[in-house]
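*Asks:* My structure is below; once you've seen it, I'll send some questions.
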Amino acid sequence: MASEDTAKKRNEGRSGDSYLPVDAPERRRLPHLLRRCWFNMNQTFRRRIAHLGVTPDQFTVMRTLLEGSSKGLTQREITELMSSDPNTIASMPERMEVIGLVERKEHERDRRANRIVLKPLGKRKYEEVREIALVLQMEILAVLPEEKREEFLKHLALVADACRLAAEKVAK
């Protein structure tokens, strides 16, 4: 009986009843949903690409480098473009250099910084992993009607921007 009542409340809360607080367990909660999405997608992706010897974060670095300046990017630029934190990125370029994916070159104006450039092996590895990433993305988005997918991603981008702005306000 109690579980039926809980299920009923959850369904009521999800069908639009606004009397519940925004963080009530019966409602969909943004932090929990975003975490579930990211965690499950990241773990699935990690497993699917493990045989290629790269991680999801390394794939994101490679994509960021390909989409960035042809002169390469600094660690700080990569960190910002990936919406990551410096500690996550700190040792990654060195590990990626050891396995031949990237090369660090001296920055032309700042002796303290290096420009990180994708090597030919990194470009080939990126293309291999990209195919797996695209298939996974299509699988996940397949739960939405095709005509709603781009709108969903547009709204998700708005939420991501709002999260970034909120973080910037706290940092100041």
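*Asks:* Can you work out which of the residues in the stretch 66-93 that are of a type in the set (S, T, N, Q) and farther than 20 Å from residue 54 by Cβ is surrounded by the most Cβ atoms within 10 Å (Cβ to Cβ)?
*Replies:* 74
*Asks:* Would it be correct to say that residue 39 is crowded, with 16+ Cβ neighbours inside 10 Å, closer than 24 Å to residue 141 by Cα and among the aromatic types (Phe, Trp, Tyr)?
*Replies:* Considered against the rule, which asks whether it is crowded, with 16+ Cβ neighbours inside 10 Å, closer than 24 Å to residue 141 by Cα and among the aromatic types (Phe, Trp, Tyr), residue 39 comes out as no.
*Asks:* Of these, 111, 95, which one is farther than 21 Å from residue 81 by Cβ and modelled with pLDDT under 95?
*Replies:* 111
*Asks:* Let me spell it out: the conditions are (1) free of Cβ contacts under 8 Å to residues at least 24 places away in the same chain; (2) under 27 Å from residue 159 (Cα atoms), and residue 51 meets all of them except one. Which number is the exception?
*Replies:* That leaves (2) as the condition not met.
*Asks:* Inspect all residues belonging to the stretch 121-137 and state whether any of them is outside any helix (DSSP H, G or I) and within 23 Å of residue 76 (Cβ to Cβ).
*Replies:* No, the stretch 121-137 contains no residue that is outside any helix (DSSP H, G or I) and within 23 Å of residue 76 (Cβ to Cβ).
*Asks:* Further question: Look through 123, 154 and report the one residue that is surrounded by 13 or more Cβ atoms within 10 Å (Cβ to Cβ) and either among the small types (Gly, Ala, Ser) or out of contact with any Lys or Arg (no Cβ under 9 Å at 6 or more places or on another chain) (or both).
*Replies:* 123
The values are calculated or read from the model by the stated rules, or taken from the named source; none is laboratory data. None of the values given here were measured: they were computed from a predicted structure. Note that we place each Cβ from the backbone using ideal geometry, even for glycine, and neighbour counts take in every protein chain shown.
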